[in-house]
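Peer 1: Once you've had a glance at the structure underneath, I'll fire off some questions.
The values are calculated or read from the model by the stated rules, or taken from the named source; none is laboratory data. As the structure is a computational prediction, the values presented were derived from the model and not from experiment. Here the Cβ is made from the backbone with ideal geometry for all residues, glycine too, and neighbour counts use every protein chain on show.
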Amino acid sequence: MLSLNHISIQFGGRTLFDDVSLVIGPHDRIGLVGSNGTGKSTLLKVIASINQSDSGGISKAHYVTVGYLPQDGVIASGKTLYKEVETAFEDIILVQQEIEEAHQLLSSLDPLSEDYSDTLEVYGELQHKLEDLDAFRMKSKIERVLMGLGFAVTDFERQTEEFSGGWQMRIALAKLLLREPSVLLLDEPTNHLDIESLQWLEEYLRNYNGAIILVSHDRAFLDSLTKKTLALSMGKFEVYSGNYSFYEKEKVVRREQQVNAYKNQQRQLAQTERFIERFRYKATKARQVQSRVKQLDKIERIEIENDEEEIRFHFPSPHSSGAIVMDLKNINKYYGILKVFDNLNYTIEREDKIAIVGVNGSGKSTFVRILAGTEPFQSGERKIGHNVILSYFGQHQAEELDLSKEAIQIIDDVAIGEIRTKLRTILGSFLFHGDDVFKKVSVLSGGEKSRLALAKMLLHPANFLIMDEPTNHLDMRSKKVLQDALSEYEGTYVIVSHDRAFLDPIINKVVEFSSGNIRTFPGNVSDYLTKKKEERETAVNKSATSNSKSAVPDQTTQLSEKERKRIEAEKRQRLYKTLLPFKQKLELTEKEISRLESRKDEIATMMENPEFYINGEQVKNISRESKEIQQKLNDKYFFWNEVMSKIEEIEKKDK
């Protein structure tokens, strides 16, 4: 369906890809993985024809469409949310406008004129085109996707410029999903989603009728969706026929095979080089020496990617806190007239490992800022426990870093004890490599500042950690370092995150926020999602049972049951008589359409045979017949649509 042919790309004097080729099938589910800077986003942009390769190219069939979602930077303005997302159906909107124009023209023309006949034919073709485009489901599709991504019905008429950056990315994602491109390229689509929207997107993509190439640091998301993994490294990529977990296991096996092959090759090269050196100046061996030299030149050297240093980070040992770490009593929090919390009560106990989940805007970040003491509230009591030492990482902590200091100075200021000898290693685990550790904070990117702020927070000795989206700017390896450290941490922590694979091994409670209310679920995030699914199924079953019971008449209505049945029977009889002539017309029209379409298919089959064109008279007659059939079909489609609309109108009035 789409292929990369010998792609090569250089960036800043460094080779990102060298002679890379790949074929993408119509239903591929591909995870694109690799360390930061290996070119994952660049490759997506090349496939989307946003960037050009230095050599090679992209081949695709003319019917193949490509849709690309970048990590950030998409802003919509000037329309309501609904109207903006509706632009994904530009082809349908255009046909609808053309139909309206044709309809207005028909009302002004003489029904017996040739212009009326021609316009009627065009009108029928447009109606048929609209049906092919599935236009009648456009509104329901838009509503389904917007609500699935977390928008409320009340948001539909809001101007898009009112939405924040994270919601702007959801708007872009909604438009992309509704366009339904043949190849869907998603660069970190989960960054701006809460756990409920993430669950919905995962299910939606699982049923997507096209190819998907996905860049994500959410391991659970990759494992759930992908069936093939492309691992980028050293200007090449290797294909693994499985998801991310399969890739991790298979990578170890391939690494061992590659190391063995490398060692064997090195022994062969050493033997050859010794032979050359030994006999280089002996005339009797000159021919053999030259042969070995040429042999060395032709050998394709096996390269071994440097093993990434195994980094293990340990939190400074905290003093033990009291049994109650934090106690919130009757907390009331408002932003103007917006009520966030009304008499909120919550107690955090020693060794609680809590994940905070809920839809965006439900109060998660406000809650952790109240815990951290950085967010004022109107009334209530925040009581910190005995001997509690608190450390907080928020989404805006990066803004408080000293811009004049180097990265390594920032963490050196808070580090104590033996850990100070490993500062460069620790910074390496948060993606500061080589001389990056000496960069001034003022020149760091937003993501780099965020990672530095997180490292600083973790080095501060504390027995109560509060973290708001700590993994947003981390790659798989960095998250693993943080996860391992938290699993060994002896204190208490609260984490706002939607990354299930990161949270599951380190969490013992999940706190769900919804419309100012909170609920606590024991276990990890997977346990929570299972419990929520069970609750939804129970609610559906109760609703079905309730509806079934309500359909049974009680004692007060049984006396009039016979009369009610008689009235309903008379009503059905009247409706049947009214609809009968229309349904008969509909049935006859459908039969005629079926006959014409069958003949049209027969003609198409005849025309596929080269021998058909030998008889010129036959070609002329059949071509004329084909045109006549198409005209008749247009008329029948138009008539069928008119009759169907009339039936629907009668049924609607009868309800």
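Peer 1: Identify the residue in segment 38-59 that is in a loop (DSSP other than H, G, I, E, B) and surrounded by 15 or more Cβ atoms within 10 Å (Cβ to Cβ) and, among all such residues, is modelled with the highest pLDDT.
Peer 2: If we take residues in segment 38-59 being in a loop (DSSP other than H, G, I, E, B) and surrounded by 15 or more Cβ atoms within 10 Å (Cβ to Cβ), then ALA48 is modelled with the highest pLDDT.
Peer 1: Here are some residues: ARG206, ARG280, ARG219. Which one is farther than 24 Å from VAL525 by Cβ and among the basic types (Lys, Arg)?
Peer 2: Within the list ARG206, ARG280, ARG219, the selection yields ARG280.
Peer 1: While we're on this one: Among the numbered criteria (1) surrounded by fewer than 20 Cβ atoms within 10 Å (Cβ to Cβ); (2) in contact (Cβ under 8 Å) with a residue 60 or more places away in the chain; (3) at positive phi, which one does VAL359 miss?
Peer 2: (3)
Peer 1: List the residue pairs whose Cβ atoms are under 7 Å apart, where the first residue sits in segment 99-113 and is over 16 Å from ASN641 (Cα atoms) and free of Cβ contacts under 8 Å to residues at least 12 places away in the same chain, the second is surrounded by 12 or more Cβ atoms within 10 Å (Cβ to Cβ) and among the charged types (D, E, K, R), and the two are 6 or more positions apart or on different chains.
Peer 2: Cβ pairs passing all conditions: LEU109/ASP115.
Peer 1: Can you find even one residue in segment 447-469 that is over 21 Å from TYR493 (Cα atoms) and either surrounded by fewer than 18 Cβ atoms within 10 Å (Cβ to Cβ) or not assigned by TED's automatic domain parsing to the domain that holds HIS498 (or both)?
Peer 2: Yes, the conditions are met somewhere in segment 447-469.
Peer 1: What residue, among those in segment 427-470 that are β-branched (Val, Ile, Thr) and within 31 Å of the chain's Cα centre (by Cα), is nearest to ILE384 (Cα to Cα)?
Peer 2: The residue in question is ILE466.
Peer 1: Check whether at least one residue in segment 102-119 is surrounded by 13 or more Cβ atoms within 10 Å (Cβ to Cβ), out of contact with any helix residue (DSSP H, G or I) (no Cβ under 9 Å at 6 or more places or on another chain) and assigned by TED's automatic domain parsing to the domain that holds VAL20, and report yes or no.
Peer 2: no
Peer 1: Mind listing whichever residues of segment 60-89 are assigned to a loop (DSSP other than H, G, I, E, B) and within 13 Å of ILE47 (Cα to Cα)?
Peer 2: VAL64, THR65, PRO70
Each row is one residue, and each column tells you yes or no for (1) modelled with pLDDT under 80; (2) under 30 Å from VAL643 (Cα atoms); (3) among the polar types (S, T, N, Q); (4) outside the structural domain of GLU512 (by TED's automatic domain parsing).
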| position | (1), (2), (3), (4) |
| --- | --- |
| LEU575 | yes, yes, no, yes |
| LYS585 | no, yes, no, yes |
| GLU590 | no, yes, no, yes |
| ARG599 | no, yes, no, yes |
| ILE603 | no, yes, no, yes |
| MET607 | yes, no, no, yes |
| PHE612 | yes, no, no, yes |
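Peer 1: Say we look at segment 317-332 and pick out the residues that are surrounded by 15 or more Cβ atoms within 10 Å (Cβ to Cβ) and assigned to a strand (DSSP E or B); which of these is farthest from the chain's Cα centre (by Cα)?
Peer 2: So, considering only residues that are surrounded by 15 or more Cβ atoms within 10 Å (Cβ to Cβ) and assigned to a strand (DSSP E or B), the one farthest from the chain's Cα centre (by Cα) is ILE324.
Peer 1: Looking at this structure, is ILE389 surrounded by fewer than 18 Cβ atoms within 10 Å (Cβ to Cβ), touching a Pro at 6+ places or on another chain (Cβ under 7 Å), at negative phi and at pLDDT below 90?
Peer 2: no
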